[in-house]
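Worksheet: the structure to be examined is printed underneath.
The values are calculated or read from the model by the stated rules, or taken from the named source; none is laboratory data. All of these numbers come straight from a predicted model, not from anything done at the bench. Cβ placement follows ideal geometry from the backbone for every residue including glycine, while neighbour counts extend to all protein chains displayed.
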Amino acid sequence: MYKVLAGDKSHQISLKQNEVIIDGKTVDMDLSPLRPNHYHLLLNHKSYNLEVVSINNPNGEVVVKINNKEVKLVIKTAMDELLSKMGLNNNNSSKAKDIGAPMPGLILDITVSEGDEVKKGDKLLILEAMKMENIIKSPGDGKIKSIVVSKGESVDSGQKLIHFE
């Protein structure tokens, strides 16, 4: 499943075998390559010329020309959405954001304290979920503002664990 943002519009797109589903509706679609970065698209019996102008993979940004009109799209996968919800989105910034629990579990250990300076990849805490220990690491550089959970506490998926300054 993909979430595609075009301006202020958002669409959910699913690809299943030979089927394309946009916002819950199966569409009739055929995409044919013409030359590098140029395509012909038949979508619900309407014809479009597509040109891929640029792709920025880390941000999921794609600029395309549809019938010579430039459109900026932001494409997010289900994993991108989950990481963003947890505060672990992979943007170009190395500054740490707030950390959320990736899944329900039990806090086994907290290896940092409020006021600590951390670097990207530093171990912050250990979360036990489904009898497995998961090491939660810092998504970027930053200073710990507050730790809102304690050792031995049960947490829900998405619950905030650590806030950064």
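Annotations for the structure displayed:
- Residue in the stretch 121-147 that is modelled with the highest pLDDT, counting only those that are in contact with a strand residue (DSSP E or B) (Cβ under 6 Å, 6 or more places away or on another chain) and not in a strand (DSSP E or B): Ser138
- The set of residues in the stretch 125-151 being farther than 18 Å from Glu114 by Cα and of a type in the set (Gly, Ala, Ser) consists of Ala129 alone.
- Selection from the stretch 106-120 of residues that are hydrophobic (A, V, I, L, M, F, W, C) and in a strand (DSSP E or B): Leu106, Ile107, Leu108, Ile110, Val118
- Residue tally, condition in contact (Cβ under 8 Å) with a residue 40 or more places away in the chain, surrounded by fewer than 16 Cβ atoms within 10 Å (Cβ to Cβ) and in a loop (DSSP other than H, G, I, E, B), over the stretch 148-158: 7
- Flag if Ile99 is within 27 Å of Gly158 (Cβ to Cβ), surrounded by 12 or more Cβ atoms within 10 Å (Cβ to Cβ), in contact with a strand residue (DSSP E or B) (Cβ under 7 Å, 6 or more places away or on another chain) and modelled with pLDDT of 90 or more: no
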